[in-house]
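Undergrad: A single structure is presented below for examination.
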Amino acid sequence: MKYDIAIIGAGISGSCIARYLSQFKLSICMIDKESDVSCGTSKANSGIIHAGYDPEPNSLMAKLNVRGNELYSSLSKEVHFTFKRTGSHVIAFTEEEKKVVQDLFERGKKNGVKDLRIVNAEELRSMESSVSPDALCSLYAPSAGIISPYEAVWAIAESAVINGVKLFLETEVYSISPRDEQGYFSLHTSQSDIRSRYIINAAGLYADAVNAMAGARQFCIQPRKGEYSLLDTKCCSLAKSVLFQTPTDAGKGVLVTPTVDYNILIGPSADEKSEKDFNATTRSGQEYIFEKAEKTIPDLPRRSIINSFSGSRAIAYECGEDGKPGKKINDFIIEEDESIKGFITVGGITSPGLASAPAIAEYVSSLLEKTGLEMRLNPDYNPVRKGIEVFKDAPPQRKEELIEENPLYGRIICRCEMITEAEIVQSVHSIIGAKDLDGVKRRTRAQMGRCQGGFCLPRITEIISREKNIPMISVTKNGRSSFILHSKTR
Amino acid sequence: MTDLPVTQEQMTCIICPMGCSMEVLIEHNGLDKKVLSVRDNGCPRGEQYAYKEVSHPTRTLTTTVAVRNGEVPLVPVKTSSEIPKHLLFNAMEILRRAAVEAPVECGQVILKDILGTAVSVVACSDVGKK
Amino acid sequence: MKQDFCYDIIIIGGGPAGLAAACAAREQGVERIVIIERDLHLGGILQQCIHNGFGLHHFGEELTGPEYALRFITKVKELGIEYKTDTIVLDISVGEKNCFNERQKAVTVLSVKEGLQQLQTNALILAMGCRERTRGALVIPGTRPAGIFTAGAVQRFVNMEGYLPGKKIVILGSGDIGLIMARRLTLEGAEVKLICELMSFSAGLTRNIVQCVENFNIPLKFNHTITKIHGKDRVEGVTVSRVDAHRKIIEGSDEFVECDTLLLSVGLIPENELSVSCGIALDAATSGPVVNERMQTSIEGVFACGNAVHVHDLVDFVTEESIRSGKSAALYVQKNIQSAVLRIPVRSGNRVRYTIPQFVDSLDQPFKILFRTADEYRNVNICAYSNNKKIKAVKKKIVRPGEMLSFEITDADLIKIQHDITVAIELPEEDVD
């Protein structure tokens, strides 16, 4: 198999790059070791499309954050995922913090963030009535927004596949041979070999390992684990926009935000001592995020917690002695490698990675152009991808039409979120179809309600078994050996 | 008259959800046990239960049996009366391999005389044909 | 949307509560009744409760869950009561009072067979049952592997579909469902390695401790809870820790137990999404609707019964309560219910967690108060007070949170009731009378 471009990593960066490049006449493949797209950092994060006042002015992060934020409106409409421009507040509770807010305001202006302003306590309370009375003022950024990160990645990746990108899942790259005489790299994977003229390393937590495989620039990715907690949708009035506290060295701190599905999300914590593929929640982590979040919204209702999870961000460091992390690299690493021509690193994509991703794609494209790659427009390029039509939100007339067209819209499977059998079946047969329970969950929201799958788990397992024509005991939660059931008893 | 050892034991009656806590005097003759008296039983069935539980405990078995060509794959079943407690796992083995053809009617005998106990296994619900 | 259908009573839920209420309403003489059931068959949760212990009070026989349900399903069919299965209620709306002083209720239902329909009704009976508390709500730290189930989901897999979820099982919670499943899974060839109970006593029936746990030599640890889940793809084990008298984890008491399945039997919560959406007042102590002695909610003509109101231990009491509810709904439709509404509050006094009903609207007939204690107590007096005067006391040897209690208010008691009723548990040393 020969390609012009091989993208390693099907998270937000890889998917945005794949889709952007699919508008050109190039043969492109996207490779990921997991059984689905969006299974790395893109699966478990705050889902914030930052406004762009945080990054250092003139850094790559600053430029791409602001540009990416702009691009989300059109992107979300073209490929059909939910994006809400809720706005955000960075809230100051002390005089010291007021100075930080002022600094962020100045920085934001330098970065070109639109409509930023500082609001006083009274105006803040009128916009967000649950905020602590200790709040003194806030930096209000109307351009900030929220997405469901895995919904977005899936939609963007499907759009890429519609336009000819080949997706290789469950394919782990083990080694990379340098460009041969014909100018092709060889990627040796857990499946078969893939040859490609260019490689784009968007491997997230493993970007350092992939760079090392190619003999490219060395750096060290340290996972920074963040724990989150999700509150029942009945708490949705607690926050209408993203509520930050003032940032520290450890990052943007604990936030309280609505999600696109009307839950309230609290988190993240910042644990530097974790391993790359190990995302467990802890008692101390959960207590920490509540304690911190209550500075913003006092008396958070712990009885309304419906779930907790954790995800890791890829923080890049220079490699110190003994391969241990040295100095932190405070910007994205997006460059054609100096010594390995044709190898483009997209590394250290930590916050504001999600917000920047559409702009990262534009930037990577410009880097490719600079290498001399011929990039003619693909006349068949279709920017539009139609997702699954959601029953719950349709007006009564449209609900009836949906049932006419597809009777399975007449059976609700996930009672908490009102998801129908039609949506679940479509998620299995979609362009990048769900293969397991978590795949169905990410595409349809089934199992994300207050009963967390208690009612619908047996039913969704049956549907996957039926639609994929596999026995019930082969159905997994999220691939590999995560089987739901042990054996048939009769 | 030999002096056989006698113990006083607490026993919970399981005949009904009351779960009366009873005091039972038991005489031991080697491995054999005999109930001498029962106290604090809420009703006569409790006393009967205590005697039986010590000498030859029995239980009702409730489980499921596979249905062929039915609208659902399993039918719930029960033993029509109690069977010796030590035969429960053996009975499960037999019923795991059994199958009944739809339609099934509640009360229908699925298996007669399980393990020579003279007790039948009966269906506990109706199952229509597919 | 089709809007032709008009009923006297719509019953939401075709489990034991809905079935009994429907029969009672029909026997009272109401014609246009329909039961709406989301599952493929009637019977509700009883379909998967294949064990026995049902019907001792109501039928004087010991039946399995499916047999108990079949008695009522047969009766519903014999009485010619309409029912729709594989049909779910999307929405309830309650209208303004019309010229007959009635509030019409509109129920939007969805099914594959009939699509979207709006049904109009005079009276509504909410019998939606309950759902299970989840791992997410408990905030058990650790990874999120496959193999974590609520007891009800496993019961469905094992008893209705014929699948074993795992081979080495740890159960959290010693309520009846957890105990019953411990036995069931053992009989089906799994190893139940441990049952962990946070409290110092079981929330389930003692009878189940004996016949489900002791009889199968399953270890049961009180004052223990699960503090971590391990495993990448599938559960590999859990960390079990001891707790003190205040339910706080004792440091250093952690123990790893290897297993491939974690079963959660940690509580049931009345299902009231629909009740909330049409503005019915809920009681925070039960998570169910506030009801009066006729099982009428805060909205006139909307009644409720069964686990949707408060979680029961015995289905026989669900049936009794639902018959009352069905009869009341029928009398309402027949305009035979007095409009005088006394609103006498029934309060939870010392050591009582909640009472059903929470209000009494008429004192013309005897009624029952159902309630639960907060803890286990022995040799107590169950007392009723009105206007701070003790009007009744009944001795009881033992009371437990896991066994619902009932208190009869007889004709003789009715005349002693004035502005309020309080039910309380008095300890022997407090008995001053």
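The values are calculated or read from the model by the stated rules, or taken from the named source; none is laboratory data. Fair warning: this is a prediction, and the values are worked out from it, not measured in the lab. FYI the Cβ positions are ideal-geometry reconstructions off the backbone, even for glycines, and counts take in every protein chain you see. For the accessible areas, the whole protein counts, side chains as well, though only heavy atoms, and no ligand, DNA or RNA atoms are used. Shrake-Rupley method; radii C 1.70, N 1.55, O 1.52, S 1.80 Å.
Undergrad: Considering only residues that are more than 12 Å from chain A (Cβ to nearest Cβ) and among the β-branched types (Val, Ile, Thr), which ones fall in the stretch C:252-268?
TA: Within the stretch C:252-268, C:Val257 is the sole residue that qualifies.
Undergrad: Then there is this: From the list A:Gly433, A:Gly454, which one is on the phi < 0 side of the Ramachandran plot and more than 8 Å from chain C (Cβ to nearest Cβ)?
TA: Working: A:Gly454 fails: more than 8 Å from chain C (Cβ to nearest Cβ).
Of the residues listed, the single one that is on the phi < 0 side of the Ramachandran plot and more than 8 Å from chain C (Cβ to nearest Cβ) is A:Gly433.
Undergrad: While we're looking at this one, here's another question. Consider B:Val127 against the criteria (1) closer than 17 Å to C:Glu188 by Cβ; (2) buried (at least 17 other Cβ atoms within 10 Å of the Cβ): it satisfies all of them except one. Which criterion is unmet?
TA: Exception for B:Val127: condition (1).
Undergrad: Another question, if that's okay. Can you list the strands (runs of 3 or more DSSP E) found entirely within the stretch A:303-416 that contain at least 3 residues being hydrophobic (A, V, I, L, M, F, W, C)? Can you show your working first?
TA: Numbers: elements: A:305-319, A:325-328, A:333-336, A:343-347, A:412-414.
Correct list: A:305-319, A:343-347, A:412-414.
Undergrad: Can you name every residue in the stretch C:124-150 that is closer than 18 Å to A:Ser284 by Cβ and among the β-branched types (Val, Ile, Thr)?
TA: The answer is C:Val139, C:Ile140, C:Thr143.
Undergrad: Regarding B:Ala98, is this residue farther than 22 Å from C:Glu62 by Cβ and within 13 Å of chain C (Cβ to nearest Cβ)?
TA: Yes, satisfied.
Undergrad: Do you know which residues across the stretch A:99-120 are outside any strand (DSSP E or B), more than 26 Å from the chain's Cα centre (by Cα) and either of a type in the set (Asp, Glu) or surrounded by fewer than 17 Cβ atoms within 10 Å (Cβ to Cβ) (or both)?
TA: A:Lys99, A:Gln102, A:Asp103, A:Glu106, A:Lys109, A:Lys110
Undergrad: Being touching a helix residue (DSSP H, G or I) at 6+ places or on another chain (Cβ under 7 Å) and open to solvent by 10 Å² or more (accessible area, probe 1.4 Å) is the filter here; which residues of the stretch C:38-47 pass it?
TA: Filtering the stretch C:38-47 down to residues touching a helix residue (DSSP H, G or I) at 6+ places or on another chain (Cβ under 7 Å) leaves C:41-44, C:46-47.
Once the filter is applied, which keeps residues that are touching a helix residue (DSSP H, G or I) at 6+ places or on another chain (Cβ under 7 Å) and open to solvent by 10 Å² or more (accessible area, probe 1.4 Å), the stretch C:38-47 yields C:His41, C:Leu42, C:Gly44, C:Gln47.
Every residue, every condition in (1) among the aliphatic types (A, V, I, L, M); (2) assigned by TED's automatic domain parsing to the domain that holds C:Leu126; (3) assigned to a helix (DSSP H, G or I); (4) out of contact with any strand residue (DSSP E or B) (no Cβ under 6 Å at 6 or more places or on another chain), yes or no:
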{"position": "C:Ile9", "(1), (2), (3), (4)": "yes, yes, no, no"}
{"position": "C:Cys23", "(1), (2), (3), (4)": "no, yes, yes, yes"}
{"position": "C:Ile35", "(1), (2), (3), (4)": "yes, yes, no, no"}
{"position": "C:His41", "(1), (2), (3), (4)": "no, yes, no, yes"}
{"position": "C:Glu67", "(1), (2), (3), (4)": "no, yes, yes, yes"}
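Undergrad: Would you confirm whether any residue within the stretch A:226-243 is open to solvent by 10 Å² or more (accessible area, probe 1.4 Å) and of a type in the set (Val, Ile, Thr)?
TA: Within the stretch A:226-243, one or more residues are open to solvent by 10 Å² or more (accessible area, probe 1.4 Å) and of a type in the set (Val, Ile, Thr).
Undergrad: Being away from chain C (no Cβ under 14 Å) and either more than 13 Å from B:Val54 (Cα to Cα) or acidic (Asp, Glu) (or both) is the filter here; which residues of the stretch B:1-28 pass it?
TA: Just the residues of the stretch B:1-28 that are away from chain C (no Cβ under 14 Å), to begin with: B:1-8, B:23, B:25-28.
B:Met1, B:Thr2, B:Asp3, B:Leu4, B:Pro5, B:Val6, B:Glu23, B:Glu27, listed by residue number.
Undergrad: For the stretch C:373-396, does any single residue satisfy the condition of being open to solvent by 70 Å² or more (accessible area, probe 1.4 Å) and touching a helix residue (DSSP H, G or I) at 6+ places or on another chain (Cβ under 6 Å)?
TA: Filtering the stretch C:373-396 down to residues open to solvent by 70 Å² or more (accessible area, probe 1.4 Å) leaves C:378-379, C:388-389, C:395-396.
Cutting the leftovers down to touching a helix residue (DSSP H, G or I) at 6+ places or on another chain (Cβ under 6 Å) gives us C:379.
Looking through the stretch C:373-396, at least one residue is open to solvent by 70 Å² or more (accessible area, probe 1.4 Å) and touching a helix residue (DSSP H, G or I) at 6+ places or on another chain (Cβ under 6 Å).
Undergrad: May I ask you to list the residues in the stretch A:458-478 that are open to solvent by 10 Å² or more (accessible area, probe 1.4 Å) and either facing another protein chain (nearest Cβ under 8 Å) or closer than 21 Å to A:Ile412 by Cβ (or both)?
TA: First, pick out the residues of the stretch A:458-478 that are open to solvent by 10 Å² or more (accessible area, probe 1.4 Å): A:459, A:462, A:465-474, A:476-478.
Residues satisfying the conditions are A:Arg459, A:Glu462, A:Ser465, A:Arg466, A:Glu467, A:Met472, A:Ile473, A:Thr476, A:Lys477, A:Asn478.
Undergrad: I need the full set of residues from the stretch C:269-287 which are within 11 Å of another protein chain (Cβ to nearest Cβ) and open to solvent by less than 60 Å² (accessible area, probe 1.4 Å), in order please.
TA: Passing the criteria: C:Ile269, C:Glu271, C:Glu273, C:Leu274, C:Ser287.
Undergrad: Of all residues in the stretch B:45-58, which are outside any helix (DSSP H, G or I), in contact with a strand residue (DSSP E or B) (Cβ under 7 Å, 6 or more places away or on another chain) and surrounded by fewer than 18 Cβ atoms within 10 Å (Cβ to Cβ)?
TA: Looking only at the stretch B:45-58, we keep the residues that are outside any helix (DSSP H, G or I), and these are B:56-58.
Subsequent filtering for residues that are in contact with a strand residue (DSSP E or B) (Cβ under 7 Å, 6 or more places away or on another chain) retains B:56, B:58.
Of everything in the stretch B:45-58, just one residue is outside any helix (DSSP H, G or I), in contact with a strand residue (DSSP E or B) (Cβ under 7 Å, 6 or more places away or on another chain) and surrounded by fewer than 18 Cβ atoms within 10 Å (Cβ to Cβ), namely B:His56.
Undergrad: Inside the stretch A:289-305, can you point out the residues that are within 14 Å of chain C (Cβ to nearest Cβ) and touching a residue at least 60 places away in the same chain (Cβ under 8 Å)?
TA: Residues satisfying the conditions are A:Ile289, A:Phe290, A:Leu300, A:Pro301, A:Ser304, A:Ile305.
Undergrad: For A:Glu423, are the conditions met, namely being out of contact with any helix residue (DSSP H, G or I) (no Cβ under 9 Å at 6 or more places or on another chain), within 14 Å of another protein chain (Cβ to nearest Cβ) and in a helix (DSSP H, G or I)?
TA: Working: out of contact with any helix residue (DSSP H, G or I) (no Cβ under 9 Å at 6 or more places or on another chain): no; within 14 Å of another protein chain (Cβ to nearest Cβ): yes; in a helix (DSSP H, G or I): yes.
So A:Glu423 does not fit the description; no.
Undergrad: Of all residues in the stretch A:148-178, how many are charged (D, E, K, R) and over 18 Å from A:Ile12 (Cβ atoms)? If you could, list the steps in order and put the result at the bottom.
TA: The first filter runs over the stretch A:148-178 and keeps only residues charged (D, E, K, R), leaving A:151, A:158, A:166, A:170, A:172.
Those still in the list that are over 18 Å from A:Ile12 (Cβ atoms) too: A:166, A:170, A:172.
Going through the stretch A:148-178 one residue at a time, the tally reaches 3.
Undergrad: Here's something else I'd like to know. Being open to solvent by less than 20 Å² (accessible area, probe 1.4 Å), in contact (Cβ under 8 Å) with a residue 24 or more places away in the chain and not in a strand (DSSP E or B), is that true of even one residue in the stretch B:10-32?
TA: yes
Undergrad: I would also like to ask the following. If you check A:Glu287 against the conditions, is it open to solvent by 50 Å² or more (accessible area, probe 1.4 Å) and not in a helix (DSSP H, G or I)? If you could, list the steps in order and put the result at the bottom.
TA: Details: open to solvent by 50 Å² or more (accessible area, probe 1.4 Å): yes; not in a helix (DSSP H, G or I): no.
The answer is no for A:Glu287.
Undergrad: Would you list the strands (runs of 3 or more DSSP E) that sit entirely within the stretch A:167-228 and hold 3 or more residues that are outside the structural domain of A:Glu369 (by TED's automatic domain parsing) and not charged (D, E, K, R)?
TA: Working: elements: A:173-177, A:185-189, A:194-201.
Fully inside the stretch A:167-228 and qualifying: nothing.
Undergrad: Moving on to the next point. So A:Ala446 passes all but one of these: (1) modelled with pLDDT under 95; (2) facing another protein chain (nearest Cβ under 10 Å); (3) open to solvent by less than 10 Å² (accessible area, probe 1.4 Å); (4) not in a helix (DSSP H, G or I). Which condition number does it fail?
TA: (2)
Undergrad: Next question, about the same structure. Considering only residues of the stretch C:304-321 that are farther than 13 Å from C:Ile356 by Cα and crowded, with 24+ Cβ neighbours inside 10 Å, which is farthest from the other protein chains (Cβ to nearest Cβ)?
TA: It comes out as C:Thr319.
Undergrad: Right, something else. Residues to consider are A:Phe483, A:Phe391; find the one that is within 10 Å of chain C (Cβ to nearest Cβ) and either among the β-branched types (Val, Ile, Thr) or touching a Phe, Trp or Tyr at 6+ places or on another chain (Cβ under 6 Å) (or both).
TA: A:Phe391
Undergrad: Now, a different point. Given the options C:Val139, C:Val112, C:Val158, C:Val107, name the one that is at the interface with chain A (Cβ under 10 Å from one of its Cβ atoms), β-branched (Val, Ile, Thr) and within 30 Å of C:Ile33 (Cβ to Cβ). Please lay out each step first, then the result.
TA: On the way: C:Val139 fails: within 30 Å of C:Ile33 (Cβ to Cβ); C:Val158 fails: within 30 Å of C:Ile33 (Cβ to Cβ); C:Val107 fails: at the interface with chain A (Cβ under 10 Å from one of its Cβ atoms).
Exactly one residue qualifies, and that residue is C:Val112.
Undergrad: In this structure, is A:Ile315 modelled with pLDDT of 95 or more and away from chain C (no Cβ under 12 Å)?
TA: Details: modelled with pLDDT of 95 or more: no; away from chain C (no Cβ under 12 Å): yes.
Against the criterion (modelled with pLDDT of 95 or more and away from chain C (no Cβ under 12 Å)), A:Ile315 does not qualify.
Undergrad: Listed residues C:His57, C:His51; which is outside the structural domain of C:Thr261 (by TED's automatic domain parsing) and open to solvent by 40 Å² or more (accessible area, probe 1.4 Å)? Step through it out loud before you land on a result.
TA: Numbers: C:His51 fails: open to solvent by 40 Å² or more (accessible area, probe 1.4 Å).
Criteria check complete, one pass: C:His57.
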